[in-house]
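This report concerns only the one structure given below.
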Amino acid sequence: MAGPIHLLTLLAAGTVPGAASFRPHAFSFSFSFSFPSARSTVSRGARPRPASALRMAMDGQMEDRLESIRRSYMSLTERLGDPDVLGDSNLLRKVMSDRAGMEDIVESFNQYQGLAEELEGATQLFQEAGDDPEMREMARAEVKEIEPQMEVLEERIKILLLPKDPNDERNVYLEIRAGTGGSEANIFAGDLFDVYRKYCSTAGWQVAIAEESQGDDGGYKSITLDVKGDSVYSKLKWEAGVHRVQRVPATESQGRVHTSTATVAVMPECDELDVQIDPNDIVMTTMRSGGAGGQNVNKVETAVDLQHKPTGIRIKCTAERSQLKNKVLAMKMLQAKLYEIEVEKREVEERTRRGDQVGTGSRSEKIRTYNWKDSRCSDHRLGQNFPLAQWQGGDIGPMIDAMIAKDQEQLLRMVQEESM
């Protein structure tokens, strides 16, 4: 493996490009990775290194910091039984969240230490075997089995300690808006809605329609989903951008292939602490919702039409059956849209500094093309094709996981280059 990787030391010092827009793990203090490869520690005919050198492949400073994370994790676990914590729902939620954020790191560190002790025992057995070839071969085989497992854990710990996007744990508003292509674009927006609905259902997330405008021939001119669950933004943020479809529309009599587009925006849910809005910048009117919902929505002005004067953002909210609830929902959606503008601006700047090829996450970035004729879904950021039927079934997890892996790989490479 490569030499020491001074990851969080660089991040804490602000020398990693884009580090300012990320938030390192709350308990990941400044330290350096030092994972000397254990491969071929006991090769055939070679003398193994002293057991003391094998006790931990990590350097002392890193081990100390991981021990600190583990102590914090144990302390938070004990606090879960504290009556004062149990009696305060907000405090309990924070303690559980902080503990969950450290759990994978602690489990990986525990596994690594256990393997390190096994490796030390196997090395000691090799040394004590003397001229017994059978015993030496048994020890050598055990070392060869342990080393790859340790290397996998080394890589996992590196990734777990990478800086995290502070929005990753948030719920989102996912907006799908038909682009070029007329009625076919509306229908394609409806196809995207179906795919995301299936994916969210599989993930165990809650989905509600916050705003919608149906197309004349089916589908949607625009639709906004309120998605709640575990780490929603960390997954769905990779869906932001322009989606393009190439197929013969149902309304096409000549059998010609048309190209249509739809834009997906993924906006992390936020509150007044994240975005402050001047009431004087808002124009809000009410109207009757119409449609299904009984006499209340048809005779009472329950719908809300909100406009933000500085940006021109306009939100028409009819999802709830009371005017007050629609006002609250419209304000939340406005906050999310304004917050997303700032997030996108920071991410574009950061990825430009990183020379990132993963993608900007911008609404204007073309991220995928869906080709009906070839039954192919092409992700332009990955340079990879997927079966169209897989996408239609809502199985977009592999595409999202590939994007996450690529982003992590580039961040690790950037940190390695900075440490040279």
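The values are calculated or read from the model by the stated rules, or taken from the named source; none is laboratory data. Everything numeric in this text was worked out from a predicted model, so none of it was measured. Because the Cβ atoms are built from the backbone with ideal geometry, glycine has one as well, and the counts that use them run over all protein chains shown. For the accessible areas, the whole protein counts, side chains as well, though only heavy atoms, and no ligand, DNA or RNA atoms are used. Shrake-Rupley method; radii C 1.70, N 1.55, O 1.52, S 1.80 Å.
Annotation note: Cβ proximity below 8 Å between a residue of segment 183-208 that is more than 13 Å from S260 (Cα to Cα) and of a type in the set (S, T, Y) and a residue that is open to solvent by 30 Å² or more (accessible area, probe 1.4 Å) and at pLDDT 95 or above (sequence gap 6+ or interchain) occurs for Y196/V207; Y199/D395; S201/V207; T202/D395.
Each residue in segment 186-217 was checked for being more than 19 Å from I396 (Cα to Cα), open to solvent by less than 30 Å² (accessible area, probe 1.4 Å) and of a type in the set (G, A, S), and 2 of them qualify.
Given the structure, is V266 at pLDDT 95 or above, out of contact with any Ser or Thr (no Cβ under 7 Å at 6 or more places or on another chain) and assigned to a strand (DSSP E or B)? No; evaluated as a whole, the condition is false for this residue. Restricting attention to segment 271-312, which residues are of a type in the set (A, V, I, L, M, F, W, C) and either loosely packed, with under 13 Cβ neighbours inside 10 Å or modelled with pLDDT under 80 (or both)? Matches in segment 271-312: L273, V275, V283, M287, A292, V297, V300.
Within segment 361-400, if we keep just the residues that are of a type in the set (D, E, K, R) and touching a helix residue (DSSP H, G or I) at 6+ places or on another chain (Cβ under 7 Å), the residue that is surrounded by the fewest Cβ atoms within 10 Å (Cβ to Cβ) turns out to be R376. When restricted to residues that are without any contact (Cβ under 8 Å) to a residue 60 or more places away in the chain, in contact with an Asp or Glu (Cβ under 7 Å, 6 or more places away or on another chain) and open to solvent by 20 Å² or more (accessible area, probe 1.4 Å), segment 315-351 contains 1. The residues of segment 218-229 that are free of Cβ contacts under 8 Å to residues at least 60 places away in the same chain, farther than 23 Å from D395 by Cβ and of a type outside the set (D, E, K, R), listed by number, are G218, S222. Residues in segment 68-86 that are in a helix (DSSP H, G or I) and open to solvent by 50 Å² or more (accessible area, probe 1.4 Å): R71, M74, S75, T77, E78, R79, P83, D84, L86. Just one of the listed residues (T259, T224) is polar (S, T, N, Q) and open to solvent by 60 Å² or more (accessible area, probe 1.4 Å), namely T259. For the residues E103, E142, E155, the requirement of being closer than 30 Å to C270 by Cα, outside any loop (DSSP other than H, G, I, E, B) and out of contact with any Ser or Thr (no Cβ under 7 Å at 6 or more places or on another chain) singles out E103.
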